[in-house]
Every structure is written in C-alpha cells, then in structure tokens.
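Just below is one structure, and these are the notes that go with it.
Each value in this text was obtained by applying a stated rule to the coordinates, not by laboratory testing. Keep in mind the model is a prediction, meaning the values are calculated, not measured. Cβ: placed from backbone, ideal geometry, glycine included. Neighbour counts: every protein chain shown.
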Amino acid sequence: LAYVAYVSRPRGGPAGVMVSHRSLCSSLDAMTESAPLTLRDRVLQAAPLTSDAVLLEVLWALTSGAQVVTSGQQAPAVAEAILRQRVTVARLAPSVLEKVLRIQEAASATGGQHALTAVCSAEEELTTVQARALAKAMPGVHLHNHYGTAETAMCATATELHPEQDVVSLGQPLAGTLVHVLDRRGAPIAVCVPGELHVGGEGVARGYLGRPAETAASFLPDPSRRGGRMFRTGDRVCR
C-alpha cells in the first residue's frame, strides 16, 4: 500500500481509497509517456497537500527531473505563481483556469507575460465553450484534458484539444489502462450509445478501506483481462 485517499461517496460518507505502489508507479509512467517533461520545465503544484492530486503534480515533475513551483489554491495566488515563477506546465480545474486567465489578461496589459507551454484541465468537466475560450486566450500553448478518479490513481485518460473540435473528448486511455463502456447488465455498448464508464488496468486501486461490500460493488472483475479488475466510475459516456 502506498497511500489512502479519502473521497466522498453517495452513501456512508467519506471512504478511504487504497492505492498500491504498483498503481501509483503505473500512473506516473503513463503520465510521463503521455506528456513528457524536460529538465527545463517548471510544474505548478496548486492542489491541496491533503489531496491525492498533489502526488501526481509533484511526482510527475520530480521523476522527470523538472522543478516544482508551489502556490496557494486561490486564483490570484495561482496566477501570481505562474507569472512570477515562470511556470511552464500547470494542471488546474477549468473554473480556476478561467479566473487565472482573466487575471493574466489584466497583467499582460502592464507587460506581464506567462511562460506556459502546456496546460492540463482536470478535476472538473471541461465544456466546449471553455475549451475554445482557453485555446483562444493561450495561442501556442498545448491544452490537454485529463480524466481520472482517486480509484484509478488520479489519471486514466488524456487528450490534446484543438480549437476546431466540436466536442471535448476524454481522449484515449493512458498506457496500462483499459476503458469499457457498459450497460446496466455489464455488457458492452455499441458506438455512440451512452453507457457507464468502467476503468481497468494497472492503475485501479485495491478498494475502500474497511468497506468490503462497497469494494465488491464498485471494483468488478475485468472480462477483457484474466485476473484483472475494473472500477465502476458512475460517469455516463459514449465511445
């Protein structure tokens, strides 16, 4: 076991997600392959120290030899860190990112310029309107959309977004990750038909600490991988 991350569940209050070293390392390897960092990168750490997201931000940077720049969680503090500390890579929720951009637009009027090369949207749903606005406000900056949960070691799928896209996609599964769109009976669903997203692969957590019944209901056998397990996300998607 590497750590226990507490998340809110519909029933029974907070539940501790048990994540192994194997799952954590698999997720970090996949992130590094999907979005490589260099020794010159400066990665923002804006997630609360009590959340599992901070592990992804810090370890993603340090295992690649990049630097970590810390900041507060509120938009003004994030914007100040990005500008003054010359941050090159940031992973933020869309709602925070929008506020940061408004602050930076005001700063650019007085000569302040950011050094961002890549921005990853995470934690919340990124709408098409938001994606287009971000792409317009940050020309030349690579915009990525990340999807994941604590039960899937923080990041399961990713994609790079482009201004002309009509739909914001969750992207493709990262290396070592499997995704399935299933119906209520657990059967695969046809293309373009909505279903529930299930995530399998090396990043899947062990289960919920001290909650065997809830673990059994949420972590199911993966029919595509002998001995594998998958997590029922509860999110509705279509392929």
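A compact table of results
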| item | result |
| --- | --- |
| Pairs of alpha carbons in region 65-208 whose separation is greater than 21 Å (percent) | 51 percent |
| For region 35-61 versus region 142-203, the gap between their alpha-carbon centres in whole angstrom | 21 Å |
| Amide hydrogen neighbours beyond the local backbone of Cys120, cut-off 5 Å, H modeled | Ala90, Arg91, Leu92, His144 |
| The chain, relative contact order [Cα under 8 Å, separation at least 6], % | 17 percent |
| Net charge contributed by nearby residues that have their C-beta within less than 15 Å of Gly201 (K/R +1, D/E -1) | +1 |
| Sparse-neighbour loop sites [trypsin sites (Lys or Arg not before Pro); region 13-122; at most 12 other C-beta within 10 Å; DSSP] | Arg40 |
| Folded to 0 to 90 degrees: helix 21-34 orientation relative to the chain principal axis, Cα | 50 degrees |
